[in-house]
1. So which pairs qualify, if the first residue must be in region A:206-220 and within 11 Å of another protein chain (Cβ to nearest Cβ), the second must be among the basic types (Lys, Arg), the Cβ gap must be under 6 Å, and the two must be at least 6 apart or on different chains?
2. Suppose we filter A:Asp104, A:Asp59 for residues that are acidic (Asp, Glu), within 14 Å of chain B (Cβ to nearest Cβ), surrounded by fewer than 24 Cβ atoms within 10 Å (Cβ to Cβ) and out of contact with any His (no Cβ under 7 Å at 6 or more places or on another chain); which single one remains?
3. Any idea which of C:Gly465, C:Gly418 is outside any helix (DSSP H, G or I), at positive phi and not assigned by TED's automatic domain parsing to the domain that holds C:Ala352?
4. Of everything in region C:225-266, what is touching a helix residue (DSSP H, G or I) at 6+ places or on another chain (Cβ under 8 Å), at pLDDT below 95 and under 29 Å from C:Ser213 (Cβ atoms)? Give them in sequence order.
5. Does A:Thr34 meet the test of being β-branched (Val, Ile, Thr) and surrounded by fewer than 17 Cβ atoms within 10 Å (Cβ to Cβ)?
6. Test A:Pro67 against the stated conditions and say whether it is over 26 Å from A:Ala317 (Cβ atoms), more than 14 Å from chain B (Cβ to nearest Cβ), buried (at least 20 other Cβ atoms within 10 Å of the Cβ) and not small (Gly, Ala, Ser).
7. Scan region A:397-408 residue by residue and report those that are surrounded by 22 or more Cβ atoms within 10 Å (Cβ to Cβ) and either not in a loop (DSSP other than H, G, I, E, B) or not acidic (Asp, Glu) (or both).
8. Looking at region C:231-279 only, could you name the residues that are within 15 Å of C:Leu208 (Cα to Cα), buried (at least 18 other Cβ atoms within 10 Å of the Cβ) and among the aromatic types (Phe, Trp, Tyr)?
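The values are calculated or read from the model by the stated rules, or taken from the named source; none is laboratory data. This structure is a prediction, so every number in the text was calculated from the model and none was measured. Methodologically, a virtual Cβ is constructed for each residue, glycine included, from the backbone with ideal geometry; neighbour enumeration extends over all protein chains shown.
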Amino acid sequence: MTACREPASVLIERLSNGETTSLELTEACLAEITSHDGAVGAFLHVAGDSARQAAESIDRRRAAGEPLGRLAGLPVAVKDVLVTRDQPTTCGSRMLEGWTPPYDAHTVEKLRDADAVLIGKTNMDEFAMGSTTENSAFGPTRTPWQLDCVAGGSSGGSAAAVSAGFAPLAVGSDTGGSIRQPASFCGVVGLKPSYGRVSRYGLVAYASSLDQVGPFARDVAGAAMLLEVLAGHDRRDGTSVDQPVPPYGQQLEKPVDGLRIGICPDHFGDGLDPEVREAVERALDIYRGLGADVQEIELPHSRFAVACYYLVAPSEASSNLARYDGIHYGRRTDDHDGLVEMYSNSRGAAFGTEVKRRIMLGTYALSAGYYDAYYLKAQKVRRLIQQDYSQAFADVDVIASPVAPTPAVRLGQLTDDPLQMYLADAYTISANLAGLPGVSIPAGFSQDGRPIGLQLLANAFTEDRLLRAAAMHERETDWHLATPTFAGDAC
Amino acid sequence: MSETHSAEPSHGQLTREDVLKVARLARLGLDESEVEEFTGQLGQVLGYVGILEEADTEGVEPLAGASERTDVLREDEPGESLTRDQALSGAPRHDDRFFLVPPVLDTSAE
Amino acid sequence: MPSPTTIIGLEVHVQLQTRTKIFCGCANRFNPDEPNVQTCPVCLGLPGALPVMNRRALELSVRAGLALSGTIAGLTKWDRKQYYYPDLPKAYQISQYDLPFCQGGHLDVDVEQENGEIQSRHIRLIRVHLEEDAGKNLHDESGRGGDSRVDLNRAGTPLLEIVSEPDIRSAAEARRYLEEIRLLMVYLGVSDCNMQEGSLRCDANVNLEISNSANESIRTPIVEVKNLNSFRGVEAALVYEISRQQREFEQCGGIYADTAKQTRGWDADRGVTFAQRGKEEASDYRYFPDPDLLPVSFSDEWIEIQRAELCEPPADRRRRFVAELGLSEYDAGVLVDRGRETADYFEAVATACGDAKQAANWVTQDVLRELNEREETIESFPIDAQGLASLLGMITSGDLTTRSGREVFSSLMNNQGGDGSIVERIASIVEERGLSAVADSGALETVIDAVISRNEKAAEDFRGGKDAAIGKLIGEVMREVGGADPNAVRETLISRLRP
């Protein structure tokens, strides 16, 4: 097993007691990327030179006894939706190909402050719209477990990078499941924080009221460690919450006393893959075995979640993506006859199909005569969904469910049918609509070896309890210890 | 779309003209195959979201964002600006002072 | 046929006088010579950047709303107004749609009617809202169709939009309304309202109600005249547009093919309005609440704090100057309209010297003349209010004649009288030139007697009822006695010649 496949906490330990150096770790990750990323497609940009320089500098500072950040020397991969001043930022789109932003996202600043080694930018569905990473303009990301299957999305690159051992930690973003679902498809831990827990400053917006940045790791402790670095108040994001960040990593060993788990029967209906159902039920049994009380809850409006989401998110997206007009940054086509055509042709040429589809949907939903029936109605339903959850969390600590109806699908399997693809988000999008934290943890494999995740949702700003509940399951299982083997890979 | 357009959601009945109109509004150049594809697909999605009509939202306040906090303000204190070079660095066309765009022809003399 | 009724509503844009832009820390400064140096990820609309509301912009906005007698909302929010234009980098303007921070309100404006009578007009407001300004497009004026250039220094400047009801009935009234808004905003310190720099701009909606031959009342289609950037421009554009609509009405007999609202520009050089090609699909801005900006709530306490920051509005001040200080409407208008500092100066002089009318005369005539000649503002005026008051006090008490007072004034303006305070300098100038009024009436009478005897003809003429003849005598006495009070001289002469 290569060094990078060790959990982050183990690597931090080895770095601090001198068993390894940041440069060694970084080189090991870069070597893995060189060997295998051609097949996986996790990275859009590998920052080999600057990563080595950063690693060397951290090693020097460590040797000199200087104080170091919490992730000192650890390679971290960053989804290409976060702006970085020294690395290109494309959002998986031709629109931004070649653009290097003049500023860093808040979370990127936080990573630098924590002395993480930024190893590269990861692949994603274009502007985070999709759940397979096949909507990337630069080719899909495959799950390292089965290279003919997708890594999930939209943060497929980050999930695959951690799974494949390209980086022990990675950052993604989640608007409707874009961290949790690829975490499930790639067999890693992925957490979407409460809305407002992590600053969105420098996160290229898809749907502003739903987007959150969050961690990927090989285990719960790694996710807790990275979340601790990413979270916190930022004056530049009005929606970021000014609440102290608890030491998520410190209490993981402590089980949640009398853990109450809610399950919603709607989540186990038709369309759920039997192997996924089995994995989730097995996980629930594990919790029961630990003394947890598993009870049925009602989420009466959850059947509206997909419809609500696919109005709210595209509406906001149609507005957020209007700025890509070929004037101040991004692509401009030379093929035009005047300003209006320049806009249309530039946008028409540089955006991919899914992005166009959602811009169209959102523009329609906001247009005169339709606003009340679509956008406004969706906002009202959104409140009902949020109320369902606050009522449910009066009785339970977490809600357990599948992450996705199936394990990773084959490439091309869903891309022809947008509505089917949207429906596959049913388990994850409510957390975004209601602003709740959610985590996907490894919970098994299909018979043919594709990972299956378990989703736990908790009440807003109770990430500490959510992580502790997740760690309870992790301690009883070893799904998170499994690693994919590439064809021809010696380990 | 004009104000006079039907206020009834057209579930599953999106026309080609609707698609072209929306594309114009969104400044989104679509080729013929996309127009055709979207007419069907968007109609299908709009048909699906019609399910929301089943939700009783009588008296329900719309929820615009997951956070319902208010009053996040900044002080009127200067922050850092970019240099002009930085500001122009991503622009497809500029003359080192200004962003350049095709002529903005919004006037025509009487 | 009754004459047509003119119906005008104005949308006035006022740039707020904050240090920084509305959503970011970039300088809020007019700077056309250095394009694109006051930008950052936020006002450039770079991917990932987020807006955060400037507290000062809100304070100034609410003060403006209160001064306009509007109702401040308990909760207000911002919406995205979406359209494509190169000076709008996000392709949406953050504005306010259905929950503006201020609704209603009004402004009373004194307008001179055609018959010369002053009439007070009550202009109601629909709303006031706070939004961001766009950048600036500079069009190629060579006529060769070259690229337009975009400067984003202005993008994100806080902008108030004050929307009136269609209560304005003439072009002159529109101008007066705009002038009064400007004055109020400057008084409040909300804006510098510098029209050359575009910090006060206005769009006018105008149409006419005309009776046709069948005596039916017909309304001409509403025209929005855009981008009126001077008081003269507003008036001239509306005068032109009113007559154009009237001509059009006469030509079509009130039967219009298209009654939709039209947008027209104003060509100040040619003095005409011209049809503008409407922004395509401009009517559908797809407003929706900006998810990046949280709503703002105003507590009653906070609103009262802002109210306490308000100054006396210009209209109240004019009224008070007339009612309490006894000034003419004209003088009160001149003093108040000149700006808050000038009115403050006048008031300080009036209070200190105890003679408001005299203070008004001196400030409106002598002080303003000097300021105009020097192209300076009252803040840099060399004679402070205490100094001028003491000079006027000397005149009132008879220590100085008005004529000598003017001489002292102009000496002070020429930096004479040493380095001391104004009061000390006045004393030294009076001393140096022997301007002290001749208090010894005996000495004055001696001179008068001598002058009468030297000018027998003039004295005889005056005795014979020719009033004008006294001028020559007064003049001669004055020449002989430096500090004589002309009124005293006149009275003494009269008592001698017409006992």
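1. A:Asp211/A:Arg200; A:Gln212/A:Lys192
2. The conditions single out A:Asp104.
3. Within the list C:Gly465, C:Gly418, the selection yields C:Gly465.
4. Result: C:Arg264, single match.
5. On the way: β-branched (Val, Ile, Thr): yes; surrounded by fewer than 17 Cβ atoms within 10 Å (Cβ to Cβ): yes.
Yes: the conditions hold for A:Thr34.
6. On the way: over 26 Å from A:Ala317 (Cβ atoms): yes; more than 14 Å from chain B (Cβ to nearest Cβ): yes; buried (at least 20 other Cβ atoms within 10 Å of the Cβ): no; not small (Gly, Ala, Ser): yes.
Against the criterion (over 26 Å from A:Ala317 (Cβ atoms), more than 14 Å from chain B (Cβ to nearest Cβ), buried (at least 20 other Cβ atoms within 10 Å of the Cβ) and not small (Gly, Ala, Ser)), A:Pro67 does not qualify.
7. Step one: of region A:397-408, the residues surrounded by 22 or more Cβ atoms within 10 Å (Cβ to Cβ) are A:397-404, A:407-408.
Within region A:397-408, A:Val398, A:Ile399, A:Ala400, A:Ser401, A:Pro402, A:Val403, A:Ala404, A:Pro407, A:Ala408 qualify.
8. Of everything in region C:231-279, those that are within 15 Å of C:Leu208 (Cα to Cα), buried (at least 18 other Cβ atoms within 10 Å of the Cβ) and among the aromatic types (Phe, Trp, Tyr) turn out to be C:Tyr240, C:Phe249.
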